[in-house]
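Here's the structure, in structure tokens; my notes come after.
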Amino acid sequence: MSPLPRKARARPARPAPYVLDRMVRNVRHGRFERTLSLLTAAGSLVTAAEIYLEHDRASFGNRVMWWPVLLGPVGAAAGVAGFASERMAKTALPLASAAIAANGLQGTYLHVRGIAQKPGGWSMARYNVELGPPLFAPLLVTMVGGMGLLAALLRRER
């Protein structure tokens, strides 16, 4: 027996599996709002940086190419705000995420159109998809927007 009374003894550190169990329980009960908000913020920044590099390579030939670059920091700010505040997770995050998702769908249309405008168009699909605008990249932007919209629907973690 320990010489200290039961209440005075230090509690043992919680093992790592407990943390994982708690995370899994939160996800099972739809409590993933804060985590998904932060993932949306990170995804917005990473995709905006990648889009900037790709669109810069294309010399920003169309003004619309700036939209996803400018929406990246907006999505990041909304994601961080959604992590910090439940109110922002239900207002600012869905607005920014809807704009990002809509822009991703618009980008998909523009990239499909860009492939069609290459010499040979879709009849030379294998060649033009590889060398033309990336076909699936705008869908990744749409997915980041969808993550933010999903975060707004979920409950906060405990």
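Taking N as the number of residues in the chain, what is its alpha-carbon radius of gyration divided by 2.2 N^0.38 Å? Intermediate values should be presented prior to the final figure.
On the way: Rg = 22.0 Å, N = 158, 2.2 N^0.38 = 15.1 Å.
So the Cα radius of gyration is 1.46 times the expected 2.2 N^0.38 Å.
Just the number: Rg to Rh for the stretch 113-158, Cα atoms, Kirkwood Rh, two decimals. Present the calculation step by step, with values, prior to reporting the outcome.
Details: Rg = 17.1 Å, Rh = 12.8 Å.
Checking Rg against Rh, the ratio lands at 1.34.
Measuring with a 1.4 Å probe in the full set of protein chains, what accessible area per residue, in whole Å², belongs to the chain?
In whole numbers, the chain has 66 Å² accessible per residue.
Which is farthest toward the positive dipole end of the stretch 24-82 among Val46, Trp67, Gly30, measuring Cα position about the Cα centre, with Cβ charges +1 (Lys, Arg) and -1 (Asp, Glu)?
About the Cα centre, the residue reaching furthest to the positive side is Gly30.
To the nearest 10 square angstrom, how much accessible area does Val69 have with a 1.4 angstrom probe?
My reading of the accessible area for Val69 is about 20 Å².
To the nearest 20 Debye, how big is the dipole of the chain about its Cα centre, given +1 on the beta carbon of each Lys and Arg and -1 on that of each Asp and Glu? Mind dumping the intermediate values first?
Values: 20 positive and 8 negative charges, 249 e Å.
Computed about the Cα centre, the dipole is about 1200 debye.
Once you have the Cα-Cα distance between Tyr127 and Leu140, take 0.36 nm times their residue separation minus that, and quote the gain in nm to one decimal.
Length gained, Tyr127 through Leu140: 2.5 nm.
What percent of all Cα-Cα pairs in the stretch 81-122 falls in each 10 Å bin, counting up from 0?
P(r) for the stretch 81-122, in whole percents per bin: 28, 27, 20, 15, 9, 1.
Along the Cα→Cβ direction, 7 angstrom out, place labels at Thr91 and Arg28. What is the inter-label distance in nm?
So the two model labels end up 3.5 nm from each other.
Given 10 °C and 1.306 mPa s, how large is the Stokes-Einstein diffusion coefficient of the stretch 14-86 in µm²/s, with Rh as the Kirkwood radius over Cα pairs?
Details: Rh = 14.1 Å.
Translational diffusion coefficient: 113 µm²/s.
Hey, if we sort Val64, Val46, Val27, Val144 by accessible area with the 1.4 Å probe, largest down, what's the order? Provide the component values of the computation, followed by the final result.
Details: Val64 40, Val46 100, Val27 75, Val144 10 Å².
The most accessible residue leads, giving Val46, Val27, Val64, Val144.
Along the charge dipole of the chain, pointing to its positive end and built from +1/-1 on Cβ of Lys, Arg, Asp and Glu, which listed residue (His111, Pro134, Thr91) has its Cα farthest out?
The listed residue farthest towards the positive side: Thr91.
Normalising by the residue count of the stretch 37-158, find the relative contact order in percent from Cα pairs under 8 Å and 6+ residues apart. Walk me through the numbers on the way to the answer.
Details: 160 pairs, mean separation 36.8, N = 122.
Worked out over the stretch 37-158, it gives 30 percent.
When the helix-only estimate is applied to the chain (DSSP H runs of n ≥ 4, each -39,500 (n - 2.57), divided by the residue count), what is the mean residue ellipticity at 222 nm, nearest 500 deg cm²/dmol?
Numbers: 7 runs with 112 residues, N = 158.
So the helix-based figure for the chain works out to -23500 deg cm²/dmol.
Leaving ligands and nucleic acids out of the surface, order Glu33, Glu157 by accessible area at 1.4 Å, largest first.
Numbers: Glu33 0, Glu157 45 Å².
Descending order: Glu157, Glu33.
Heavy atoms only, probe 1.4 Å: what % of the accessible area of the chain goes to carbon and sulfur, would you let me know?
66
The values are calculated or read from the model by the stated rules, or taken from the named source; none is laboratory data. Keep in mind it's a predicted model, so treat the numbers as computed, not measured. Please note: Cβ atoms are built from the backbone with ideal geometry, for glycine as well, and neighbour counts cover all protein chains shown. Quick note on the areas: whole protein, heavy atoms, side chains included, nothing else; ligands and nucleic acids left out. Shrake-Rupley method; radii C 1.70, N 1.55, O 1.52, S 1.80 Å.
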